[in-house]
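J.: One structure follows; several queries about it will come next.
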Amino acid sequence: MKTILFKRNLFSGIFGCLLSLSVVFGFNSCTETIDESNFAIKTEQTVIDYLVDNPDRFSGIKTLFDRVQLGNGSDASKLSSVLGARGNYTVFAPNNEALDAYVKALGANSVDELNDEQAELIAKSCIIDNGDLSAYEEADFPASGAFDVSNLNDRIIQCMQDTIDANGGYIINGNAKVVRPNIEVSNGMIHEVGSVIAPSSDNLYEMIAAAGNLDVFAHLLELTSWADSLSAEDYIDAEYEAGERDEDWIPTPGTLSKSEVCQIPAHRYRGYTAFVEKDEVFASEWGINLTRNAEGAVTNWDEVMAVIKQKCEAAFGSVDADDLKSPDNAINRFVAYHLIEGRLSYLNLVHHYNEFGYKYKDRARPQIIECPTNVWDYFTTRGKYRGLLKVTQVGDNGFEQDKDHKMYINRKSIYDNGRKGDYKELGYEVRGALISPDNGEIDNNALNGFYFPVDRVLLYDDATRTQLASERIRIDLSTMFPELLSYGVRGGKYTYFPRGYINNIVDQSESTIILYLNPGVNQSNGGYYWRNYQGDEMNAFGLFDFTFRLPPFPKDGTYEIRLGCANQSGRAMAQLYFGTNPNALKPTGLPVDMRIQAGDITIPWEADVDGADEINAENDKKMRNQGYMKGPNYFYATGTETPVRQIGGGSAALRLIVTTDEMKADETYYIRFKTALNTSNPQQFLDYFEYVPTSVYNGTTEEDIW
């Protein structure tokens, strides 16, 4: 990962120190500019010190840390040097017994006989660099899911509670029992484990095919050729690796108000997430039962495929009925709806941050114990006929079956959504398919993604499309760009994306700069609290002109498209364009000026009057007549308990009505943003989109404020 310091501020800091030194013969005025983050520690015990002091338990892993380098260059540091310096490292250190067993299973007699690839896999897989956040204590472990921060091999590490051992505890990556947790050292936390952590190198298809209880879906992946697309040959984009990325990139002056470190992604990953029915689900719902010979091979595939063909063609028609590799084939479309681009662990399927009633913890370890209301994300599925797939994590709804905040696909909830409500789930119209975080003791963490078993058949039929098209669809911009999901950017550092990094940005001028921003632990910036859905945003700077591909609409019909805005003086003025031809998009109206304050004659924002619902509803109508809405009551300004609906004036949280039109479910739509100002400083703010069907924004009942 490369980092760049915004030099505009760095230079002024250095100049100020030099000036101070020329006047005062001392160093106190400049001490705050010294970065001691990598200075060696001599006065306190580090990770390496502890391993050295306990050779009876950790001499083996210490030997590997002495051998393996952090990078590939000739001057790269050994891991032992890194773990002997300042930092915040979580180390799942295998004891000597565990390492000896693993080495012997590889056919070697000692760690010295391991080849470089084997040594690197073991050494880097057990280390998480928590950066500027504290290392994981056992109290921070996810009860079921995965750690949000990747290990040094850029792999997500799974974690689950041990439900077999009477003493409880945790199991890491499916087999490594934590036998001694929370060994605190000056630069992190060591957790002794009884097995080596070595994530599988299988690709996603190979892992599904090897599971043993997913044979039907694995067979469908093979027949439709979707198995080929889940291979890991292009897991890391070689073209991006070979390209040149300017480490001295300097943002447009004035784009940010303070000195910040902005990372440039070191890799461009192609990752995937699959939602997969177990064989028993096909048996219970579609009556499919596999018969096997003495060797375990399935012998009734013809019978199985006849049932699947009948079910799929009822939903998708019979075009190219005999060509399962055709994107128009019904079975091919069925399989495609189970797959999304982006490598997502279980806890990253949704993103907690600032939803109503939620108590934010920190960006690496969101609070997962108290979830007052539901949180959700929408994803675009693969294939020629892209679909929408909604993942909902249930909040504190009071139902016993959901007390541990289960996740469902395409759930339709009933909420306490009145003007005085709290948006808790009161029940559901459609339960949805329950997502399992794992496949029991069978690994679901592949080299290029994850799969998650579901307890109902996923079918993007007319009933599912109608359900999704009957409610307001709010899509965070981050989920629209799979590269962000695979790189694990959400909730992380400020990130600069080189031109061409994001596939769904189909046209980007050379003068356009795209950044991902979020408030992180410091939830305010220069006194202005962030008014972002799910706590993050994307910004375009420079003389910007860019076009990106939108997610699909679930069903043909009239929709209102809205863009989440956070108006303030530093924002941009842009002309928006919309349509199906990215090279000939039509303007949606006059240029949009995000510098305008709420309360201006063009945005007649008025604060809600307590207890005056009719007056508040009338004020909402006045704003709609001008093409705007207040921000939702569903999420807070970060660091506060103030819903963004209540924020107007010079820091307004709004929704811009971009256009209202007839949309087709199987068309691809694009939106273009082109600056209307002759300056590179202003920020084009991008947060979330809403697709709102007529039945919601102009239905028999008033659209809720949430």
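The values are calculated or read from the model by the stated rules, or taken from the named source; none is laboratory data. For clarity, every value in this text was computed on a predicted model and none was experimentally measured. So basically every Cβ, Gly included, is an ideal-geometry build from the backbone, and we count neighbours across all protein chains shown. Heads up: the accessible areas ignore ligands, DNA and RNA and are worked out on the full protein's heavy atoms, side chains in. Shrake-Rupley method; radii C 1.70, N 1.55, O 1.52, S 1.80 Å.
J.: What translational diffusion coefficient, in µm²/s and rounded to a whole number, does the Stokes-Einstein relation yield for segment 414-476 at 4 °C and a viscosity of 1.567 mPa s, taking the hydrodynamic radius as the Kirkwood radius over Cα pairs?
T.: Values: Rh = 15.0 Å.
Rounded to a whole number, D works out at 86 µm²/s.
J.: Using Cα-Cα distances under 8 Å and only pairs 6 or more residues apart, what relative contact order does segment 279-418 have, in percent? The partial results should precede the final answer.
T.: Values: 184 pairs, mean separation 19.5, N = 140.
Relative contact order here is 14 percent.
J.: In addition: Assuming a ≥ b ≥ c are the square roots of the Cα gyration tensor eigenvalues, decide whether segment 553-635 counts as rounded (a/c under 1.5), prolate (otherwise, with a/b larger than b/c) or oblate. Before the final figure, lay out the partial values.
T.: Working: a/c = 2.40, a/b = 1.47, b/c = 1.63.
Oblate shape, in that a/c is at least 1.5 and b/c is the bigger or equal ratio.
J.: Still on this structure, please answer the following. Arrange the peptides 274-287, 370-383 so that the one whose residues have, on average, the most other Cβ atoms within 10 Å appears first. Let's see the in-between values first.
T.: On the way: 274-287: 18.9, 370-383: 21.0.
Descending packing order for the listed peptides: 370-383, 274-287.
J.: Can you find, among 134, 626, 171, the residue sitting farthest towards the positive end of the charge dipole of the chain, where Lys and Arg contribute +1 and Asp and Glu -1 at Cβ?
T.: 626
J.: Moving on. Could you order the peptides 646-652, 333-339, 489-495 from most to least packed, using the average number of other C-beta atoms within 10 Å per residue?
T.: On the way: 646-652: 18.1, 333-339: 24.1, 489-495: 20.1.
The most tightly packed comes first, giving 333-339, 489-495, 646-652.
J.: Just the number please: accessible area per residue for the chain, 1.4 Å probe, all protein chains included, in Å².
T.: Details: 29810 Å² over 706 residues.
Heavy-atom SASA per residue in the chain reads 42 Å².
J.: Still on this structure: Would you please report the Å³ per residue occupied by the convex hull of the alpha carbon atoms in segment 293-346?
T.: 137 Å³
J.: Continuing with this model, one more query. Ignoring ligands, DNA and RNA, what percent of the accessible area of segment 77-136 is carbon or sulfur (1.4 Å)? Mind dumping the intermediate values first?
T.: Values: 1030 of 2560 Å².
Answer for segment 77-136 is 40 percent, counting heavy atoms of protein chains only.
J.: Straight-line reach only, C-alpha to C-alpha below 22 angstrom: list the lysines that residue 621 could link to, leaving out same-chain residues fewer than 8 apart.
T.: 420, 630
J.: What is the Cα centroid distance between segment 397-418 and segment 475-508, reported in whole angstrom?
T.: So the separation of the two Cα centres works out to 29 Å.
J.: A follow-up question, please. With the calculation restricted to Cα positions, what are the radius of gyration and Dmax of segment 601-706 in angstrom?
T.: 15.8, 46
J.: Same structure again: If the only charges are +1 at each Lys and Arg Cβ and -1 at each Asp and Glu Cβ, what is the size of the charge dipole of the chain around the Cα centre, to the nearest 20 debye?
T.: Working: 64 positive and 102 negative charges, 394 e Å.
Charge dipole of the chain: 1900 debye, to the nearest 20.
J.: Label segment 376-465 by shape, choosing from rounded, prolate and oblate, from the square roots a ≥ b ≥ c of the eigenvalues of the Cα gyration tensor; if a/c is under 1.5 it is rounded, and otherwise prolate applies when a/b is larger than b/c, oblate when it is not. The partial results should precede the final answer.
T.: Working: a/c = 2.24, a/b = 1.38, b/c = 1.62.
Here segment 376-465 falls in the oblate category.
J.: Need one number: convex hull volume per residue for the chain, Cα atoms only, in Å³.
T.: Details: hull volume 131.4 nm³, N = 706.
It comes to 186 Å³ per residue, whole-number rounded.
J.: Which peptide among 638-644, 159-165 comes first, and what is the full order, when sorted by highest mean count of other Cβ atoms within 10 Å? Before the final figure, lay out the partial values.
T.: Values: 638-644: 18.4, 159-165: 14.7.
Sorting 638-644, 159-165 by mean packing, highest first, produces 638-644, 159-165.
J.: Oh, and also: Nearest 500 deg cm²/dmol is fine: what mean residue ellipticity at 222 nm does the chain get from its DSSP H runs of n ≥ 4 alone, each adding -39,500 (n - 2.57), divided by its residue count?
T.: Mean residue ellipticity at 222 nm (helix-derived): -6000 deg cm²/dmol.
J.: Using the Cα centre of segment 412-494 as origin and beta-carbon charges of +1 (Lys, Arg) and -1 (Asp, Glu), tell me which of 446, 421, 479 is placed farthest towards the positive end of the dipole.
T.: Farthest towards the positive end: 421.
J.: Shape verdict for segment 80-234, please, from the Cα gyration tensor: rounded (a/c under 1.5), prolate (a/b greater than b/c) or oblate. Kindly include the intermediate steps, with their values, before the conclusion.
T.: Details: a/c = 1.70, a/b = 1.52, b/c = 1.12.
Since a/c reaches 1.5 and a/b is larger than b/c, the shape of segment 80-234 is classed as prolate.
J.: Give, rounded to the nearest 20 debye, the magnitude of the charge dipole that segment 524-616 has about its Cα centre when Lys and Arg contribute +1 at Cβ and Asp and Glu contribute -1 at Cβ. Each step should come with its number before you reach the end.
T.: Values: 7 positive and 12 negative charges, 121 e Å.
In debye, rounded to 20, segment 524-616 gives about 580.
J.: Restricting to the chain, compute how many DSSP beta bridges are antiparallel as a %, nearest 5. Before the final figure, lay out each step's value.
T.: Working: 105 of 120 bridges.
Just about 90 percent of them are antiparallel.
J.: Placing +1 on the Cβ of each Lys and Arg and -1 on the Cβ of each Asp and Glu in the chain, which of 616, 430, 502 has its Cα farthest towards the positive end of the resulting dipole?
T.: Value computed over the given set: 616.
J.: As an exercise, identify the GluC sites (Glu not before Pro) in segment 380-444 lying in DSSP coil whose Cβ has no more than 11 other Cβ atoms within 10 Å. List each step's numbers first, then the result.
T.: Working: sites: 400, 425, 429, 441; in loops: 441.
Sites meeting the loop and neighbour criteria: 441.
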